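The values are calculated or read from the model by the stated rules, or taken from the named source; none is laboratory data. Bear in mind the structure is a predicted one, so any value in this text is a computation, not a measurement. Positions of Cβ are backbone-derived with ideal geometry, glycine not excepted, and every protein chain shown enters the neighbour counts. These accessible areas exclude ligands, DNA and RNA; they are computed on the full protein's heavy atoms, side chains included. Shrake-Rupley method; radii C 1.70, N 1.55, O 1.52, S 1.80 Å.
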Amino acid sequence: MSTHNHSNVSQGTSQRPAPSPDDVITITNLNKWYGDFHVLKDINLTVKKGERIVVCGPSGSGKSTMIRCINRLEEFQRGSLIVNSIEMIDDIKNIEAIRRDVGMVFQHFNLFPHLTILENLTLGPIWVQKKPKAEAEAMAMNYLERVKIAEQALKYPGQLSGGQQQRVAIARSLCMAPQIMLFDEPTSALDPEMVKEVLDVMVELADEGMTMICVTHEMGFAKKVADRVIFMDGGEIVEENTPVEFFERPETDRLQLFLSQVL
Ligand code: ADP
Ligand code: MG
């Protein structure tokens, strides 16, 4: 069947070692269908605290669907998904508990256009976490400084460049104090000159020890920060490896072909 590489991809529940307290995400035999279309096929993935995972693969291979399952933006039909010891089941308490731990940054920023940058950042802390406004604003300004955009706090998203908006989106996510950050092609909607400013923020976050899963085709970023790179094709994890092995010794024809197209 598969050409799964290395022991990190486990082949089924029976061979799976007991979960370690270091495992923050455990995905076991995850399957999802859109109607008749089998979009995720037996996905197995374990992510440890502080690990940086890069996911790549052709368009339509199921990358977004997989990471969106992790915070239940998508449902799945079979298999299991555990985040910080909480099992993703059909219970709003579990779903909310998982979402508290997981931040997400999308390709198209998804900022609220009618709110200022500062209001975008304080909305969740004030209304979801019930933080006092002054405290939420102080924290928001702190994160805006970290993504080097504090001077834009009172502007609206439409007044900012794409790169600036994406940095705001990252800061907004960090305001909710996530333990895990998911990035879904955060730079692919940006003009080329803005890609670096966003990747720099992501590299900083990685250096601070954030657990991250990043769907991206920025192979320089993958080489620099990833502990493991995962290649998806046709709804499967086809290959996964350390960046050096992944790029220098791709094992499957499918990955070799993909790399020849993106590199
Ligand atoms: P990727 O992020 O790797 O480009 P996606 O996870 O977005 O891939 O999509 C995987 C496949 O599932 C694609 O063939 C896509 O057309 C299909 N798909 C995605 N979302 C839906 C949906 N809501 N309904 C039906 N099919 C979908
Ligand atoms: Mg996608």
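Which of rounded, prolate or oblate describes region 109-156 when judged by the alpha-carbon gyration tensor and an a/c cut-off of 1.5? Kindly include the intermediate steps, with their values, before the conclusion.
Working: a/c = 1.94, a/b = 1.20, b/c = 1.62.
Oblate, because a/c is 1.5 or more while a/b does not exceed b/c.
Test of understanding: what is the full-extension gain from residue 159 to residue 34, defined as 0.36 nm times their sequence separation minus their Cα-Cα distance? Before the final figure, lay out the partial values.
On the way: separation 125, 0.36 × 125 = 45.00 nm, distance 3.74 nm.
Extending this stretch completely gives an extra 41.3 nm.
Which FRET efficiency value, to the nearest 0.05, do you get for residue 151 and residue 177 by plugging their Cβ-Cβ distance into 1/(1 + (r/R0)^6) with R0 = 35 Å? Could you put the intermediate results ahead of the total?
Details: r = 24 Å, r/R0 = 0.69.
Approximately 0.90, to the nearest 0.05.
When Rg is the radius of gyration of the Cα atoms in the chain and Rh is its Kirkwood radius, what does Rg/Rh come to? Numbers along the way, then the final one.
On the way: Rg = 18.5 Å, Rh = 19.1 Å.
Using only Cα positions, Rg/Rh for the chain is 0.97.
Heavy-atom accessible area per residue, region 110-151, 1.4 Å probe: how many Å²? Numbers along the way, then the final one.
Details: 2450 Å² over 42 residues.
Averaged over the residues of region 110-151, the accessible area is 58 Å².
What ranking of 68, 78 comes out by heavy-atom accessible area, probe 1.4 Å, highest first? Kindly include the intermediate steps, with their values, before the conclusion.
Values: 68 65, 78 130 Å².
Ranked list, largest accessible area first: 78, 68.
Report the paramagnetic label zone for residue 85: residues of region 42-79 whose backbone N is under 18 Å from a point 7 Å from Cα along the Cα-to-Cβ axis.
The answer is 47-50.
Taking 0.36 nm per intervening residue step and subtracting the Cα-Cα distance, what contour gain separates residue 253 from residue 135 on full extension? Don't jump to the answer; show the numbers that get you there.
Numbers: separation 118, 0.36 × 118 = 42.48 nm, distance 5.33 nm.
Roughly 37.2 nm would be gained on extension.
Quick one: among 138, 222, 206, which has the greatest mean-square fluctuation in a GNM of the chain with alpha-carbon springs under 10 angstrom?
Looking only at 138, 222, 206, the biggest GNM fluctuation is shown by 138.
Relative to the compact globular guide of 2.2 N^0.38 Å, what is the alpha carbon radius of gyration of region 137-207, as a ratio?
Numbers: Rg = 11.6 Å, N = 71, 2.2 N^0.38 = 11.1 Å.
Cα-based Rg divided by the globular estimate yields 1.04.
Which FRET efficiency value, to the nearest 0.05, do you get for residue 208 and residue 128 by plugging their Cβ-Cβ distance into 1/(1 + (r/R0)^6) with R0 = 30 Å? Don't skip to the answer; put the middle values down first.
Details: r = 23 Å, r/R0 = 0.77.
Calculated value: 0.80.
On a 0 to 90 degree scale, rounded to 10, what angle separates helix 192-207 from the longest Cα axis of the chain?
Tilt of helix 192-207: around 80 degrees.
Please list 170, 86 from largest to smallest accessible area, probe radius 1.4 Å, with all protein chains kept in place.
On the way: 170 0, 86 40 Å².
Ranked list, largest accessible area first: 86, 170.
Relative contact order, percent, of the chain when contacts are C-alpha pairs under 8 Å separated by at least 6 residues? Spell out each step's value before the answer.
On the way: 462 pairs, mean separation 67.3, N = 263.
Reported relative contact order: 26 percent.
Using 1/(1 + (r/R0)^6) with R0 = 30 angstrom and r between the beta carbons of residue 193 and residue 261, what's the FRET efficiency to the nearest 0.05?
Values: r = 23 Å, r/R0 = 0.77.
After rounding to 0.05, the efficiency reads 0.80.
Using only Cα atoms, find the angle between the long axis of helix 133-146 and the longest principal axis of the chain, and express it within 0 to 90 degrees, rounded to the nearest 10.
The angle comes out at about 60 degrees.
On the full set of protein chains, 1.4 Å probe, figure out the accessible area of residue 195 and give it in Å² to the nearest 10.
Accessible area of residue 195: about 20 Å².
Distance from a point 7 Å along Cα→Cβ of residue 108 to each backbone N in region 171-189: keep the residues under 16 Å and list them by number.
Hits in region 171-189 for residue 108 at 16 Å: 184-189.
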